[in-house]
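Here's the structure we're looking at; comments come further down.
The values are calculated or read from the model by the stated rules, or taken from the named source; none is laboratory data. Keep in mind the model is a prediction, meaning the values are calculated, not measured. Using ideal geometry, Cβ is built from the backbone for each residue, glycine included, and neighbour counts are taken over all protein chains shown.
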Amino acid sequence: MNHFFLAAGTLWQRELVRFYRDRSRVIGALVPPLVFWFLIGSGLGSSFKATGSPGDMNYLQYFFPGTIVLIVLFTAIFSTISIIEDRHEGFLQSVLVAPISRASLVTGKLLGGSTLAFLQGLVFLLIAPGIGLTLPLPELSYVLMILFLIAFGLTGLGFCIAWSLDSTQGFHAIMNLFLIPMWMLSGALFPVNGAPAWLRLLVHLNPLTYGIAALQQSFLIHGLPPLYLGPSPLLCATVITLFGLLTFGISLFTASRSKSS
């Protein structure tokens, strides 16, 4: 058991050190979503109005929770791409032949990427008071828990994809084709209730929807009418937790059944 925690902890620490030593990855994960949030939010701010909401609620505020998740998503992509790089550099092969379990490898990688994504999202979270969003102190722990669970689930999903690929270009292509639409169909860009029936079905089947809904409820519960509040906080936490456990299980299965040569 000590060997498990030592190996997982070492890989977790390596992920953090490696990521923050590469400033381009830090900037690439944080700045584009921030620019996207400001430009889109400013452009649509005057035309956005949620039915029944206070007149002073603007699109920058509505779009804020979705931008946090977008930052988490970008960081998860940049962190899990290290699996492909480690394979090319020979580090992954060294870890695979070491006397440690695949479970410790998966746990260390996922916890490292999740911590990075969580910290990046936390940095953006600090500007919430500057745009008029207040978070009651009792709900802060809930928001932090949801944010980490989202980070863990997305990192696990990135791990599953990266493990079976050998090209960083192919990895980016698949992630952009899969994860970006997943984020867009989560209620981050528009209220779900105003979408067509077929689109609402896709949104409700998307596990990321429940993470977005949890953050929106925590930040905007006083600004959104009951129609827009969506699923209960308990349901949101349950779905996001199951999503994280599912991606962890698939990651463990994928790493255990192949040699990643």
Exercise for review: Return yes or no: is Phe178 out of contact with any helix residue (DSSP H, G or I) (no Cβ under 6 Å at 6 or more places or on another chain), of a type outside the set (A, V, I, L, M) and without any contact (Cβ under 8 Å) to a residue 60 or more places away in the chain?
Suggested key: yes
Exercise for review: Would you check if Ser164 is of a type in the set (Ser, Thr, Tyr) and closer than 21 Å to Thr238 by Cα?
Suggested key: no
Practice item. Starting from residues that are within 20 Å of Leu234 (Cβ to Cβ) and among the aromatic types (Phe, Trp, Tyr), keep the ones in region 181-223 and report whichever is modelled with the lowest pLDDT. Key: Phe219
Exercise for review: Pairs only if they're at least six apart or on different chains, beta carbon under 6 angstrom, first in region 185-213 and more than 19 Å from Leu70 (Cβ to Cβ), second of a type outside the set (A, V, I, L, M, F, W, C) and in a helix (DSSP H, G or I); list them, first residue then second.
Suggested key: none
Exercise for review: Scan region 74-104 residue by residue and report those that are more than 24 Å from the chain's Cα centre (by Cα) and in a loop (DSSP other than H, G, I, E, B).
Suggested key: Gly90, Ala98, Pro99, Ile100, Ser101
